[in-house]
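Trainee: Dropping the structure in here first, questions after.
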Amino acid sequence: MFEQVDTKKIILKTKQYEFADGLRDIQLGIALILMGAVWFGLMYQPSWLMFMIQLGRDYGRWATIVAFLLLFSLPVVATAGMQRIMESVRRRWLWRETGMVKSSRILVPSHINILAVFIFIVALILGLRFQSFLKTGDFYLMSLIMVVVGWSFGVSLIGLGINLKVWRYVIMGVIGGVASTALIFYQSSLTGAGLLSFLGWGLILLTSGLIVLKRVWPEIREEGHAG
Amino acid sequence: MPDKIKAISNFDRLIHEPSRLAIMAVLFASESADFKFLLNTTGLSKGNLSAHLRKLEAGDYLTITKGFKGNYPHTTCALTKEGRKAFKDYQKQYLSLAKQFEEES
């Protein structure tokens, strides 16, 4: 008919580029580990809370509010900082020869996000409905929330993987989702369940990112020398 | 058949040219991309790529931002709203025509 340009392939390759060096996995992994650290700090060490309350007593309640905001913004600030570092690493080394791309904000299709929310709600309702049949501990509800959050996150990763044909996300989504289920049996400590969830997902993503980076690094170096 | 000829002639000429179509596809998949990435993806020469980018910019399909990263000049391109819509429309038109051809053959 006329000269063909495979636009689908070009679109897919451009979207995959963002995930080709593993830095995005590393960034998300570190952010989740930091969230786990904040969670652990708040839940396991109530002395932090006492310190915050004391701040309020000494300097007024605004001091407590500001301290809490600072604490909760830590992972956000860290993620933004990592974004800057990631851009700099890419500009100087990883993408120096191949060029920079600012990826599209919508990478997970909306129907997958809706499915993730749907799974969250349905699993939560079913979990509560069957609570009487299960041997539940004091923290059953929180453990259940951790499990369904894990499933929803897993579904989002699987959706991202299928959409972009980046199969490691499908594998991570399945592994993380299944592993999250184990949290239902860990009802002895809310702190532990939350920490395991954050650390688990964080470590899965961090490991994946490091493996990918290690694999592509020699190719990038070669391209750099050739260029 | 005349309908199909009419449909082909209705294609957006600015996008239909293969090199510009490739540029549009890259930018459609991202928020923005720099000159080097477009050069690598399309396989065009610097001069050719510049010429195509200028044409697309003149058609209000993309914006070109020239700046510096450190001491080096850095050119970034991004699709405009019109460009995004034009690319979507083009794809729809193209797919529907390709389907018609397939059904007949």
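The values are calculated or read from the model by the stated rules, or taken from the named source; none is laboratory data. The model shown is predicted, which means the values in this text are computed figures rather than measured ones. Ideal geometry is used to build each Cβ from the backbone, glycine not excepted, and the neighbour counts take in all protein chains shown. With ligands, DNA and RNA removed, areas are computed over all heavy atoms of the protein, side chains included. Shrake-Rupley method; radii C 1.70, N 1.55, O 1.52, S 1.80 Å.
Trainee: Among the residues of region A:175-187, what is the count of those that are of a type in the set (V, I, T), over 11 Å from A:I204 (Cα atoms) and either open to solvent by 60 Å² or more (accessible area, probe 1.4 Å) or in contact with a Cys (Cβ under 7 Å, 6 or more places away or on another chain) (or both)?
Mentor: Applying the first criterion (of a type in the set (V, I, T)) to region A:175-187 yields A:175, A:178, A:181, A:184.
This time we only want the ones that are over 11 Å from A:I204 (Cα atoms), so: A:178, A:181, A:184.
Within this subset, residues satisfying the condition of being either open to solvent by 60 Å² or more (accessible area, probe 1.4 Å) or in contact with a Cys (Cβ under 7 Å, 6 or more places away or on another chain) (or both) are A:178.
Selection size over region A:175-187: 1.
Trainee: State which residue is farthest from B:F35 (Cα to Cα) when the search covers only region A:74-101 and only residues that are at pLDDT below 85 and either exposed (fewer than 12 other Cβ atoms within 10 Å of the Cβ) or away from chain B (no Cβ under 13 Å) (or both).
Mentor: Step by step, filter region A:74-101, then rank; the result is A:L74.
Trainee: Please give the helices (runs of 4 or more DSSP H) falling wholly within region B:23-105 in which 1 or more residues are more than 10 Å from every other protein chain (Cβ to nearest Cβ). Don't jump to the end; show me each part of the working.
Mentor: Numbers: elements: B:35-42, B:46-58, B:81-104.
Because the criterion is at least 1 residues that are more than 10 Å from every other protein chain (Cβ to nearest Cβ), the helices (runs of 4 or more DSSP H) in region B:23-105 that meet it are B:46-58, B:81-104.
Trainee: Ok, one more. So which residues in region A:135-156 are touching a residue at least 40 places away in the same chain (Cβ under 8 Å) and not aromatic (F, W, Y)? Break it down stepwise before answering.
Mentor: Pass one, region A:135-156, residues touching a residue at least 40 places away in the same chain (Cβ under 8 Å): A:136-140, A:142-144, A:146, A:149-150, A:153, A:155-156.
Across region A:135-156, the qualifying residues are A:T136, A:G137, A:D138, A:M142, A:S143, A:L144, A:M146, A:V149, A:G150, A:V155, A:S156.
Trainee: Filter region A:1-36 down to residues that are β-branched (V, I, T) and within 8 Å of chain B (Cβ to nearest Cβ) and give me whichever is nearest to A:R90 (Cα to Cα).
Mentor: Among residues in region A:1-36 that are β-branched (V, I, T) and within 8 Å of chain B (Cβ to nearest Cβ), the one nearest to A:R90 (Cα to Cα) is A:T14.
Trainee: When you check A:V101 against the structure, is it of a type in the set (A, V, I, L, M), touching a helix residue (DSSP H, G or I) at 6+ places or on another chain (Cβ under 6 Å), more than 26 Å from A:G176 (Cβ to Cβ) and touching a residue at least 24 places away in the same chain (Cβ under 8 Å), yes or no?
Mentor: Numbers: of a type in the set (A, V, I, L, M): yes; touching a helix residue (DSSP H, G or I) at 6+ places or on another chain (Cβ under 6 Å): yes; more than 26 Å from A:G176 (Cβ to Cβ): yes; touching a residue at least 24 places away in the same chain (Cβ under 8 Å): yes.
The answer is yes for A:V101.
Trainee: Can you spot a residue in region B:6-17 that is within 12 Å of chain A (Cβ to nearest Cβ), within 17 Å of A:K8 (Cα to Cα) and touching a helix residue (DSSP H, G or I) at 6+ places or on another chain (Cβ under 6 Å)?
Mentor: yes
Here's the yes/no breakdown for (1) of a type in the set (S, T, N, Q); (2) at pLDDT below 85; (3) touching a Cys at 6+ places or on another chain (Cβ under 8 Å); (4) farther than 26 Å from A:W39 by Cα:
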| site | (1), (2), (3), (4) |
| --- | --- |
| A:I119 | no, no, no, no |
| A:L128 | no, yes, no, no |
| A:L144 | no, yes, no, no |
| A:S152 | yes, no, no, no |
| A:I162 | no, no, no, yes |
| A:S197 | yes, no, no, no |
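Trainee: With (1) at pLDDT 95 or above; (2) of a type outside the set (S, T, Y); (3) open to solvent by less than 50 Å² (accessible area, probe 1.4 Å) as the list, and A:R168 as the residue in question, which single condition is left unmet?
Mentor: That leaves (3) as the condition not met.
Trainee: State which residue pairs qualify: first residue closer than 25 Å to A:G29 by Cβ and inside region A:61-83, second residue open to solvent by less than 60 Å² (accessible area, probe 1.4 Å) and assigned to a helix (DSSP H, G or I) in any location, beta carbons under 6 Å apart, and separation of 6 or more residues or different chains.
Mentor: Hits for this filter: A:L74/A:V38; A:P75/A:A31; A:T79/A:A31; A:M82/A:Q27.
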